[in-house]
Each structure stands twice: as C-alpha cells, then as structure tokens.
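Read the structure below first, then the notes.
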Amino acid sequence: MKAMILAAGRGDRLRPLTDATPKPLIKVAGKSLIEYHLTNLASAGFKEIIINTAWLAEKIHTELGDGSNYGVTITYSDEGEALETAGGIIHALPLLGDEPFLVINGDIWCDFEFSNLPTINVNVLAHLILVKNPQHNATGDFALQTGLVRNTGDIMYTYSGIGIYQTDFFKNQASGRVALGSVIREKNDNNLVSGQLHHGRWTDVGTLERLQVLKKELS
C-alpha cells in the first residue's frame, strides 16, 4: 500500500512560525511532525510515500529529499497553490495507482500503529480512523454505528486525519479546490465509509497553543 501525507497547507493559525517554515516541518521534541509520520510508516513496512506540497514547497523538498534517510521513497505532488484536502488527493491520483492507499494529515501527531491498519472491505470506498473529540472540536465530525461512519448519531467522534481510500472514492469528483469532509459526508449517505475508533494519543497541531501542549507532553 502507498501512503500520502498532506503537506500543502499554509498553516495560518500557526503564524508567525509558518511564515518561514512549512507546518509539517515544525519540530516537536527534536523531530518535525512529518518525520514522525515517515519513521512510523517505514517501521510499518510502507515503502512508497507521496507528499503534496504548495506553501514553501522547496523547503519540504530540501529537508526530506528522496526519502532514503527514512527508509522510504518519496514522490512529490506539487500543486503550486494548495488545492484543499480532497483536491490535493485528486491531483495526486496518477501517482497513487489503482490500489487502496493511506492518507495522513501532515499536521497531526498520533501514536496509531500503521501496521494495524485493516484491509479495506470491498463493499466500502474508505475506512477512517476516528478519535474522541478534543476540546477544540467538541461536537465532533462523524458517528460510528456498526462499523460504518455516519454523518449524525448519538455519539460523535473526530476524524483523525488518517484514512484508507479506494481510488473510486474520488471518481467523478471535479478537480480543483475540494474539501475532503464534504466528499466523506456524501459517501456516508450511501453506506460507503467504514471506520474504527483509536483510543491512543492524538493531537491536531493547528494552533500555537496546541503545539506548546504537545511539546510539553513529548519533552
């Protein structure tokens, strides 16, 4: 299975840090956020990694190179101007091939073991890893009922930014700036997305405050 790390965003809420540093290259406990992903993916046996870039793309290229320092091969999907989450994946589909692939948000920290990813069911188009709601997303994103992801429910969870996708998940989607959440909700209505709950540690490093909290946790 190939993996794609989403790394194109501007990271406005992390300014001024992201004025000169791409969000995935921000360091926590001596290692950049994206390096945590690369080492964890390599440990789980992943070999081919696609990284999409836009903001300060050249710095990501320079820092990570071809991936050989991490035991993987990196291919870059350069967007010029960020295409949002789904738009970036759609742009990279020629690099991802025909088999199911893993997608990870580049600005999260998580102790999920990628070696424990399930084989995606042939009856669904995606499988999402959900987490309990953090304070900044108290109402959650999706419900989980009998293994399927729903748009509403009695108990809501937050999408972790980790998911497995079939290429057909993006079939007939227009290219350009497209948010992944809207596509997921459309597929949920047709019972095409499964999911599971991760009970471990997870942080969306979206603000300076959450970055400081994570630094303290990992120091």
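Using the structure shown, list the pairs from Lys171/Lys215; Lys2/Lys132; Lys27/Lys187 with a Cα-Cα distance above 29 Å, or answer none.
Working: Lys171/Lys215 40 Å; Lys2/Lys132 27 Å; Lys27/Lys187 35 Å.
Pairs exceeding the cut-off: Lys171/Lys215; Lys27/Lys187.
Residue farthest toward the positive end of the dipole of the chain, with Cβ of Lys/Arg at +1 and Asp/Glu at -1: which of Gly80, Ile5, Asn116?
Asn116
How far, in nm, would the chain grow between Ala179 and Asn151 when pulled straight, counting 0.36 nm per residue and subtracting the alpha carbon separation? Provide the component values of the computation, followed by the final result.
Details: separation 28, 0.36 × 28 = 10.08 nm, distance 1.56 nm.
Extra length available between Ala179 and Asn151 comes to 8.5 nm.
Take every Cα-Cα pair in the range 59-118 and report what % of them are more than 18 Å apart.
On the way: 886 of 1770 pairs.
Counting pairs separated by more than 18 Å, the tail of P(r) holds 50 percent.
Hey, for a label at Glu186 modelled as a point 7 Å past Cα toward Cβ, could you say which residues of the range 133-158 have their backbone N under 13 Å away?
none
Can you give the log10 of the normalised intensity I(q)/I(0) at q = 0.08, 0.10, 0.14 Å⁻¹, computed with Debye over equal Cα scatterers of the chain?
So the normalised log intensities work out to -0.26, -0.41, -0.85.
Each value in this text was obtained by applying a stated rule to the coordinates, not by laboratory testing. As the structure is a computational prediction, the values presented were derived from the model and not from experiment. Counting neighbours? That spans all protein chains shown, and the Cβs are built from the backbone with ideal geometry, glycine included.
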